[in-house]
1. Can you compute the radius of gyration and Dmax for the chain, using only the Cα atoms, both in Å?
2. With +1 on the Cβ of every Lys and Arg and -1 on the Cβ of every Asp and Glu, and nothing else charged, how large is the dipole of the chain about its Cα centre, in debye rounded to the nearest 20?
3. Which is farthest toward the positive dipole end of the chain among GLY71, GLN59, ALA31, measuring Cα position about the Cα centre, with Cβ charges +1 (Lys, Arg) and -1 (Asp, Glu)?
4. Output the 0 to 90 degree angle, nearest 10, between the alpha-carbon long axis of helix 26-39 and the longest principal axis computed from the alpha carbons of the chain.
5. Farthest toward the dipole's positive end in the chain, which of PHE20, LEU8, ASN44, given Cβ charges of +1 (Lys, Arg) and -1 (Asp, Glu) about the Cα centre?
6. Using a 1.4 angstrom probe with every protein chain in place, what is the largest-first accessible-area order of ASP24, ASP29, ASP51?
Amino acid sequence: MTQVEIILNKKGEILDVQPFRLSDLWEMDEAAIEGFKAVKNVPNPPEEMIDENGYIHLQYQMEVYYVPQPGVRFHSDN
């Protein structure tokens, strides 16, 4: 499980992505962090989510369940 907090300003611009629980699978963690950083802007953020400091804090969680199957092999280029 990977959990991150996305911090936006009231215009919807993504200011920061803070991991607060990482899965120990860097590829998965990096996908969540870099994916939000690539977005840059969230159009029309809800005004009711803006805190007293002018920021919006979103929390995102990604879970992947892996169940090994007999005869299935994975290949990594690393």
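The values are calculated or read from the model by the stated rules, or taken from the named source; none is laboratory data. Quantities reported herein were computed from a predicted structural model and do not represent experimental measurements. Here the Cβ is made from the backbone with ideal geometry for all residues, glycine too, and neighbour counts use every protein chain on show. Surface accessibility is based on the protein's heavy atoms, side chains included, excluding ligands, DNA and RNA. Shrake-Rupley method; radii C 1.70, N 1.55, O 1.52, S 1.80 Å.
1. 16.2, 55
2. Values: 6 positive and 14 negative charges, 42 e Å.
Charge dipole of the chain: 200 debye, to the nearest 20.
3. Of GLY71, GLN59, ALA31, it is GLY71.
4. 30
5. Sorting the options by dipole projection puts first ASN44.
6. The ranking, largest first, comes out as ASP24, ASP51, ASP29.
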